Structures are given as structure tokens and as C-alpha cells.
Amino acid sequence: MTRYGMGVPLAVALAIATTGCGEGSTAPIGSKLTHEEIVALAREFQGQTLQLSGDTLVQANGVAAAAGVPVTVDVALDTTLQCEGGQGTVRFTARVHGTIDEERRNATLRFDVTLTHRACAIQAASGKMIEVTGAPNITMQLEFVVADGELADPITGTTRGAFTWRSGNERGECALDLTTTLSPSTGEGRVRGTICGETIDEST
């Protein structure tokens with residue numbers, strides 16, 4: 001099994017937590033959103049999370065490295081970015097808390113992320129622009145263990161929340177309540193829950 005420094009398992013685990021609305025999700029959901037449009041929104045949410053989570057992880061690793069001994073970390077980030085073409089904003093808040101032992105390359109951590117969109121423009125593959133606003137937001141939680149530089153089984157995460165959307169004269173609201181479980185040792189994972197009232201249960 002591949003062995004990692006502390007930063008890589010954290011980034012991998014975050015990617016896992018934000019894939020609940022990917023290619024395997026149930027087809028058309030929402031008022032008039034197509035499956036392709038839902039995938040575009042989900043990928044954008046994931047991209048926004050991964051883009052900013054690195055700063056939080058760097059801070060947490062910096063605290064642990066400076067201490068030189070096993071430490072309890074509690075690091076937070078709160079920032080707001082512009083969306084596609086400068087249209088709208090997304091506020092990103094994150095908190096990493098738990099313990100890190102840099103010398104033994106062990107960690108037990110929980111990652112809490114909140115995305116709050118305000119008239120945030122997201123473009124689907126078709127070129128269609130979709131404006132998203134949190135109702136009130138999307139929250140993601142992830143718990144995992146790193147042992148001797150390796151992600152331990154299992155990784156568990158949740159994605160919950162709701163957002164409203166509009167595109168031209170079309171509009172609607174979508175709620176998410178998903179649970180993700182992944183086995184790093186086998187690469188197998190499962191996402192189950194509901195999206196806009198549709199039940200999904202996907203395994204990889």
C-alpha cells in the first residue's frame with residue numbers, strides 16, 4: 001500500500017467526502033435540472049472545497065510540525081471567493097480538529113466544511129449558467145484515521161444541506177442528505193442517502 005506524508009491522506013479523504021453527487025447519482029432531480037447539470041453543480045462544490053481546504057490542512061500540519069510531539073490541533077479558515085465570471089460568491093468555512101503525531105505519521109481527525117453560496121454562477125457542460133444560493137448552506141463532515149502514513153479503514157463522511165437554483169425562467173430547490181463510506185485498503189466505497197427526495201445507494 002502507498003505510504004503518504006500527512007498532507008496527502010487529508011486531501012484524499014476530502015475528495016472522497018465531496019463526491020456524493022457524481023456520475024453515479026440518480027438521474028434528473030430538482031425542478032428542471034438534468035442529471036448532467038446536477039453533476040456540474042456537484043463537481044463545482046467539490047472543486048470549491050478542495051481549492052480552499054489545502055490552506056486549512058497546511059495550518060494544521062504546521063502546528064504539528066512546530067510542536068515536534070503529538071499535539072491536539074484545532075484550525076479554522078473562513079474566506080469568501082467570487083464565482084464564475086465574478087458572478088456571486090461562495091463563503092467557505094472549515095475546521096480541522098483532532099490529534100496529529102508527525103514523527104509517527106499518525107492522526108485522528110475530523111474535518112467540518114460549510115459552503116454558503118450567494119447567487120453563485122456555475123456553468124454546466126452544455127454552457128448553461130446556473131445560479132446557486134444556499135438554503136442556508138451545504139455542510140460536509142469527515143472523520144478518518146491515519147496510521148503510519150496510511151489511511152485506515154473506514155473513512156466516513158456526510159454531506160447535508162440545501163440550495164436554491166435558477167437559470168433563466170427556471171428555478172427550484174435541492175436538498176442533500178448523503179453518507180459516504182470508503183475502504184482505503186480496497187478502494188471500495190458506498191454513497192447512500194437522498195438528493196431532492198430521490199433515494200440513492202451507489203457502490204464502487
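The values are calculated or read from the model by the stated rules, or taken from the named source; none is laboratory data. Predicted model, so just to flag it, every value in this text is computed and none were measured. Virtual Cβ from ideal backbone geometry, glycine too; neighbours counted across all protein chains shown.
When the range 141-194 is limited to residues that are basic (Lys, Arg) and more than 17 Å from the chain's Cα centre (by Cα), the one that is modelled with the lowest pLDDT turns out to be ARG171.
Counted as qualifying within the range 69-133 are the strands (runs of 3 or more DSSP E) with 3 or more residues that are at pLDDT below 90, namely 71-82, 89-101, 106-118. Of all the criteria given as (1) over 19 Å from LEU33 (Cβ atoms); (2) touching a Phe, Trp or Tyr at 6+ places or on another chain (Cβ under 6 Å), the one not satisfied by THR139 is (2). The criterion of being in contact (Cβ under 8 Å) with a residue 40 or more places away in the chain, over 16 Å from GLN48 (Cα atoms) and surrounded by 15 or more Cβ atoms within 10 Å (Cβ to Cβ) does not hold for ILE122. Kindly provide the set of residues from the range 165-195 that are within 21 Å of THR49 (Cα to Cα) and crowded, with 17+ Cβ neighbours inside 10 Å, ordered by number. Answer for the range 165-195, where residues must be within 21 Å of THR49 (Cα to Cα) and crowded, with 17+ Cβ neighbours inside 10 Å: TRP165, CYS174, LEU176, LEU178, THR180, LEU182, PRO184, GLY189, VAL191, GLY193, ILE195.
Can you find even one residue in the range 142-150 that is surrounded by 16 or more Cβ atoms within 10 Å (Cβ to Cβ) and of a type in the set (Val, Ile, Thr)? Yes, there is a match, as at least one residue in the range 142-150 is surrounded by 16 or more Cβ atoms within 10 Å (Cβ to Cβ) and of a type in the set (Val, Ile, Thr). If the condition is being hydroxyl-bearing (Ser, Thr, Tyr), out of contact with any Ser or Thr (no Cβ under 7 Å at 6 or more places or on another chain) and buried (at least 16 other Cβ atoms within 10 Å of the Cβ), then the range 66-119 contributes only THR116. Residues of the range 167-204 that are part of a loop (DSSP other than H, G, I, E, B) and touching a helix residue (DSSP H, G or I) at 6+ places or on another chain (Cβ under 9 Å): PRO184, CYS196.
Among the residues of the range 76-91, just one is among the β-branched types (Val, Ile, Thr) and either on the phi > 0 side of the Ramachandran plot or touching a residue at least 40 places away in the same chain (Cβ under 8 Å) (or both), namely VAL90.
Kindly evaluate THR139 against the criterion of being of a type outside the set (A, V, I, L, M), part of a strand (DSSP E or B) and free of Cβ contacts under 8 Å to residues at least 24 places away in the same chain. So THR139 does not fit the description; no.
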